[in-house]
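First up is the structure itself, then whatever we jot down about it.
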Amino acid sequence: MEYLIGIQGPDYVLVAADTVAASSIVRMKHDHDKMFKMSEKILLLCVGEAGDTVQFAEYIQKNVQLYKMRNGYELSPTAAANFTRRNLADYLRSRTPYHVNLLLAGYDDQEGPALYYMDYLAALAKAPFAAHGYGAFLTLSILDRYYKPGMTREEAVELLKKCLEELQKRFILNLSSFTARFIDKDGIHDMEKIPLPKATS
């Protein structure tokens, strides 16, 4: 029911998530933020079981911040992704597995931008673009067709709009609003709200 998307450029990562919090067939909230700030330049996007998403994301978030306090420097996106994957894999083999699907996006001064795709089975992959949720079935082909490695920010935003417009047109559920953010060498930046066309029959 939920939707996450990430697009990596030469010096940035663009991520977006829907803002609907649902329980069964009922929309509980329409302004729910599914992005968790791990550090100054790392974001974790999390969807799945309602309790699991918040509990697991906050557990990872606090541990990443604890690492900075103990060592005096922050984890890189690659290290944070592998730390997250290891924890998810350990819980998967316990009596209390977390049913969460994740995108981790960040920027490292040495390695540059990075986008990681992770599912509830703790499979981790570095990807130039990624999506989670039913919406991924509808938009991965668009990303595959129009993504270019050297995309400017404006082109990435246009590609994101293409994907969100396709969701409005094809997806049976109404995901009416999204939060989008850029991550680059200067940190995490909120984007202006993306205007979406009304679905027409």
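The values are calculated or read from the model by the stated rules, or taken from the named source; none is laboratory data. Just so it is clear, the structure is predicted and the values come from calculations on it, not from any experiment. Neighbour counts run over all protein chains shown; Cβ positions are idealised from the backbone, glycine included. Ligands, DNA and RNA are stripped out before the accessible areas are found, and what is left, the full protein with its side chains, is counted by its heavy atoms. Shrake-Rupley method; radii C 1.70, N 1.55, O 1.52, S 1.80 Å.
The candidate values are (i) 1.02; (ii) 1.22; (iii) 0.95; the one derived from this structure for Rg/Rh (Cα atoms, Kirkwood Rh) carries the label (iii).
Pairwise alpha-carbon distances in the stretch 107-201 exceed 16 Å for 64% of all pairs. Extension gain, SER141 to MET28: 0.36 nm times the residue separation minus the Cα-Cα distance gives 37.6 nm. How large is the Kirkwood hydrodynamic radius of the stretch 1-91, in angstrom, based on all distinct alpha carbon pairs? Evaluated over the stretch 1-91, this radius sits at 14.4 Å. Computed over the chain with a Gaussian network model linking Cα atoms closer than 10 Å, the most mobile of LEU173, LEU75, LEU159 is LEU173.
Before rounding to the nearest 500, sum -39500 (n - 2.57) across all DSSP H runs of length at least 4 in the chain and divide by the residue total; then give [θ] at 222 nm in deg cm²/dmol.
Taking each H run of at least 4 residues, the total per residue is -11500 deg cm²/dmol.
About the centre of its Cα atoms, the stretch 1-104 shows a dipole size close to 360 debye [charges on the beta carbon of Lys, Arg (+1) and Asp, Glu (-1) only; nearest 20 debye]. Local charge for LEU143 was computed over the other residues whose Cβ lies under 14 Å away, with Lys and Arg +1 and Asp and Glu -1, and equals -1. When you work out D = kT/(6 pi eta Rh) for the stretch 5-56 at 4 °C and 1.567 mPa s, using the Kirkwood radius from C-alpha pairs as Rh and the Stokes-Einstein form, the result is 104 µm²/s.
Report the charge-dipole magnitude of the stretch 129-180 in Debye, nearest 20, computed about the Cα centre from +1 at each Lys and Arg Cβ and -1 at each Asp and Glu Cβ.
60
Rounded to the nearest 10 square angstrom, LEU88 shows an accessible area of 0 square angstrom against a 1.4 Å probe.
Since only GLY72, SER176, TYR12 are under comparison, the one whose Cα sits farthest along the positive direction of the charge dipole of the chain, derived from C-beta charges on Lys, Arg, Asp and Glu, is SER176. For the chain, a crude dipole built from +1 on the beta carbon of Lys and Arg and -1 on the beta carbon of Asp and Glu, taken about the Cα centre, is about 420 debye to the nearest 20.
What FRET efficiency do you get for LYS62 and ARG93 if R0 is 22 Å and r is their Cβ-Cβ distance, rounded to the nearest 0.05? For R0 = 22 Å, the calculated efficiency reads 0.50. Element breakdown for the stretch 51-201 at a 1.4 angstrom probe: carbon and sulfur atoms account for 50% of the accessible area. The figure for MET69 is an accessible area of roughly 150 square angstrom, using a 1.4 Å probe on the protein chains alone.
Cross-linked pairs LYS34/LYS193; LYS29/LYS193; LYS29/LYS126; LYS68/LYS185: Cα-Cα separations exceed 22 Å for LYS29/LYS126. Computed extension gain for ASP190 through LEU121, at 0.36 nm per residue and net of the alpha carbon distance, reaches 21.8 nm.
A viscosity of 0.692 mPa s and a temperature of 37 °C, combined with the Kirkwood radius over Cα pairs in Stokes-Einstein, give a translational diffusion coefficient for the stretch 42-122 of 254 µm²/s.
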